[in-house]
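Take a look at the structure set out below.
The values are calculated or read from the model by the stated rules, or taken from the named source; none is laboratory data. Please read all numbers here as calculations on a predicted model, not as lab measurements. Ideal geometry is used to build each Cβ from the backbone, glycine not excepted, and the neighbour counts take in all protein chains shown.
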Amino acid sequence: MVQIQSTCSSCRAELDLTVSDLVLLLPVEAEPQSQSEAETACPPRLVHDCEECGATSVRTIEWRLARLLRVHGVPALPDLELEPAVEPHPENPPAGPALTADEIIELHDALERTDWFDELVAAGPLPDRPAS
């Protein structure tokens, strides 16, 4: 049986863990092949729970250690946190610049009129913004 030692990131307790206590989160992109790629790539992350305080520790590790842990049977999952959390959608528009006080006053005045919706429809859709 393989014993893995780690430290809890919350209570700093020294932990003796087994393969079944760990989960690897691997970036969706391929493992870097060169040293220069490794410096810019997202590293794998190791997740485990603390037996002392119950907190979950998540720490980045080197690819070399991730490969070694995989060989010893540590389960791995794709690290979906590195992916965008929300797909682009009209109900989740990208954040734009904050409204100024003058723009808020203009919006308030426009919404007080009874024909504000007709004016909005007549204006038509906004042109597509370039992807950032």
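Which residues, taken from region 3-35, are of a type in the set (Gly, Ala, Ser) and either within 21 Å of the chain's Cα centre (by Cα) or at pLDDT below 85 (or both)? Within region 3-35, Ser9, Ser10, Ala30, Ser34 qualify. For region 109-132, the set of residues classified as at pLDDT below 90 and not in a helix (DSSP H, G or I) consists of Gly124, Pro125, Leu126, Pro127, Asp128, Arg129, Pro130, Ala131, Ser132, listed by residue number. The listed residues are Val86, Val74, and the only one of them that is part of a loop (DSSP other than H, G, I, E, B), at pLDDT 90 or above and among the hydrophobic types (A, V, I, L, M, F, W, C) turns out to be Val74. Of a type outside the set (S, T, N, Q), farther than 30 Å from Met1 by Cβ, at pLDDT below 90 and part of a loop (DSSP other than H, G, I, E, B): is that true of Ala38 in this structure? So Ala38 fails the test. Per the listing Glu106, Glu91, the residue uniquely more than 30 Å from Leu46 (Cβ to Cβ) and modelled with pLDDT of 90 or more is Glu106.
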